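Peer 1: I'd like to ask you about the structure that follows.
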Amino acid sequence: MDFEKLIRQAREKVNARISLRNEYSAELEQLREKENPTEADTARVAELRESKAKIDAEIKTLDAEARALEDEKEADDVIARMAQRSTPANPAGGARGDETRRGSDITVTEARTYARESDPKGLRFLSDIVADFRGDRSAGDRLARHLEEERAERGDVVERAVTTGVAPGTIVPQYLIDLYAPKGRPGRKFADMCRHHDLPDTGMTVYIPRQTETTNAGEQAAEMDPVTEQDYEDELISVPVRTIGASQTISLQASQRGLGTEDIVFEDLLKSYNVRLNDRLINAPTWGLLAVANPLTYTSASATAAELYRKILGASANVEDVLQDLDEDDLFTLMRGRRWAWFNGETTDQKPFVQQVGVPTNTFAADEGGPYSSPVAGFLPNGGRVVKDNSLPANLGTGTNEDAVVVVAQHEAHLWEDPSAPFFIRAEQTQAKRLGIDLVLYGFYAACFNRVVDAQGTPKAVHQKITGTGLVAPVF
C-alpha cells in the first residue's frame, strides 16, 4: 500500500471541496451585497447556504480519512525505524533481539530500551531516572543505552541536548512527549498556532530580519531612460532565548512503594511546562502577544455576537491596513472557551448565530464541534478561524471580569523551540536529608510578535486585541 499516494489523493479531495466552497462563498457574498435582491436571488442564497453546509460535512469526513491515513503511516514509520536499528552480533553468541544473516555477517535487531510497546506510559523510564539517582547501576546502564539510541536516531539534536545542561540528565523519549503532549494539546493552543522555527544550536539570542526599505517601482519616462531604483535594506531584530522549567519533589517512599506515582508526576510536569510556555507567549509584559497588540475597545452594556463580530471585522481590517498584502487565510481569532460558548448560544433574527457543521440550517458562523484540544474550534461568518485558548485573561477591566479577543496574523507570530523540547528530566541531590528526589524538566524558546515597521522604520502593531465592557463574563 502506497501511503504517500493515498494521503496525497485524500488531500487533493479535501482541497477540491474547499475550492468549491470558496466559489459558493464568493457568489453568496455578491448576492448579499445587492441592494434590491430578487426572489431568485433569495432562493439562490438559501441554496448556496445549504450547499456550503453539505460541503462542510464532506470536508470534515474527508479530512478525518486523510488524518487516519497519516496516523497509520506514522505508526508504520516508527516500527520501520525500530526494525532498522542493528548492532554487530554478540561475540559470545548471546543476542538481545532477532538475528538476520547476511553472508558471513550476523546483525541483531534490538528493541528500544524505552518503547511505546514495552513502556507505554513511561513508568519504567521515570523509575529508572529515580533509581539511577539512588545509585542503581542497572538503571544507569539502561539510561545510557537509551541516550545512545537517541543519538543514533536524532544525531545533532541529542548532541546539543546532552552538552547544554549543567547537571546530569537524559533526553525524554519522543513517544512520551507525543503521548502526554500531542500537537494541539490543551495548555499550548496559541503556541501550536504560531509560525515555528528551530532554535539555533548555540547562543542566548536569535535574530530575525526586518525589512526597512522596499523596492520602489515607477513609470519609465522615455525609452532607454533608467527605471526607478530603490535598494533593498533590512535590519536584524535580536530576540532573547528564554527558559521554561517545571519541577516536582517526590518522596523516596512514593517512588519505591507508590502505585502509578511516576505516571502522574511525569504527565503533570509536561502539562505544567506547556501551560507556562503558552501563558508567557500571551501574557508576558513588554513582549507577549497582548503587550504588543493594538488595543480596540468594545463598550456595551448588553453585548451581542453581531456587535462583537463587527469588532473582529474591524480588527481584521486593521491588520490588513498594516500588512497591505494580507492573506485572509493567515488570520485567526483567539478567544477563551467561554466566549466561543457564548457565540454558540447567540441568535440573530431568531436563527442561531453559530452553525454546527453538517447541519444545514440557515445560520451564519460554523462550529467544528470538537473538544478543547482541537486546533480550530470553528469559523466566523467570513470563514475566519477561531482558536479557543484559556490562557487568555478573564480578569480584565474595573470589575476584573472581562476577557479579551485577539485577531492574530499567523505569519507574524514567530516562535522558536528546540525540535524535541523539553529535553531533560533529571534528579538533583537537594532533598537528600528529607529522602526527597527533585525531578526537573525544562526547555528553551524565543518569541517575537512585533517585527513589522512602518515607512519611517517605527514598529507598528500587527495583531489586534479587543477588550472592554462588552466582554464581561457571559451569562448563559
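The values are calculated or read from the model by the stated rules, or taken from the named source; none is laboratory data. Nothing here was measured: the structure is a model prediction, and the numbers come from that model. Cβ sites come from the backbone with ideal geometry, for glycine too, and all protein chains shown count toward neighbours. To get the accessible areas, we keep the full protein, side chains included, count just its heavy atoms, and leave off ligands, DNA and RNA. Shrake-Rupley method; radii C 1.70, N 1.55, O 1.52, S 1.80 Å.
Peer 1: In this structure, is residue 67 closer than 30 Å to residue 438 by Cα, at pLDDT 65 or above and of a type outside the set (A, V, I, L, M, F, W, C)?
Peer 2: When the stated conditions are applied, residue 67 does not pass them.
Here is a yes/no grid of residues against (1) part of a helix (DSSP H, G or I); (2) under 27 Å from residue 75 (Cα atoms); (3) open to solvent by 70 Å² or more (accessible area, probe 1.4 Å):
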{"residue": "4", "(1), (2), (3)": "yes, yes, yes"}
{"residue": "8", "(1), (2), (3)": "yes, yes, yes"}
{"residue": "16", "(1), (2), (3)": "yes, no, no"}
{"residue": "19", "(1), (2), (3)": "yes, no, no"}
{"residue": "24", "(1), (2), (3)": "yes, no, no"}
{"residue": "29", "(1), (2), (3)": "yes, no, yes"}
{"residue": "50", "(1), (2), (3)": "yes, no, yes"}
{"residue": "54", "(1), (2), (3)": "yes, no, yes"}
{"residue": "60", "(1), (2), (3)": "yes, yes, yes"}
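Peer 1: Taking residue 112, is it at pLDDT 70 or above, of a type in the set (Lys, Arg) and open to solvent by less than 30 Å² (accessible area, probe 1.4 Å)?
Peer 2: yes
Peer 1: Now, a different point. Of the residues that sit in region 206-219 and are surrounded by 11 or more Cβ atoms within 10 Å (Cβ to Cβ) and modelled with pLDDT of 75 or more, which one is farthest from residue 462 (Cα to Cα)?
Peer 2: Restricting to residues being surrounded by 11 or more Cβ atoms within 10 Å (Cβ to Cβ) and modelled with pLDDT of 75 or more, the top hit is 206.
Peer 1: Another question, then. Does residue 270 satisfy the condition of being modelled with pLDDT under 90, open to solvent by less than 50 Å² (accessible area, probe 1.4 Å) and not in a helix (DSSP H, G or I)?
Peer 2: no
Peer 1: Just checking, how many residues over region 290-306 are out of contact with any helix residue (DSSP H, G or I) (no Cβ under 9 Å at 6 or more places or on another chain) and part of a strand (DSSP E or B)?
Peer 2: 1
Peer 1: What pairs come up if the first residue lies in region 127-151 and is within 26 Å of residue 419 (Cα to Cα) and small (Gly, Ala, Ser), the second is part of a helix (DSSP H, G or I) and open to solvent by 40 Å² or more (accessible area, probe 1.4 Å), and their beta carbons are under 9 Å apart, counting only those six or more places apart or on different chains?
Peer 2: From region 127-151, the pairs are 140/132.
Peer 1: Run down 344, 382, 362 and say which single residue is modelled with pLDDT under 90, assigned to a helix (DSSP H, G or I) and open to solvent by 40 Å² or more (accessible area, probe 1.4 Å).
Peer 2: None of the others qualify; the one that does is 344.
Peer 1: Look through region 129-168, keep the residues that are in a helix (DSSP H, G or I), among the basic types (Lys, Arg) and at pLDDT 55 or above, and return whichever of them is most open to solvent (accessible area, probe 1.4 Å).
Peer 2: 137
Peer 1: Here is a follow-up. Check 254, 293 and return the single one that is over 27 Å from residue 418 (Cβ atoms) and open to solvent by less than 50 Å² (accessible area, probe 1.4 Å).
Peer 2: Exactly one residue qualifies, and that residue is 254.
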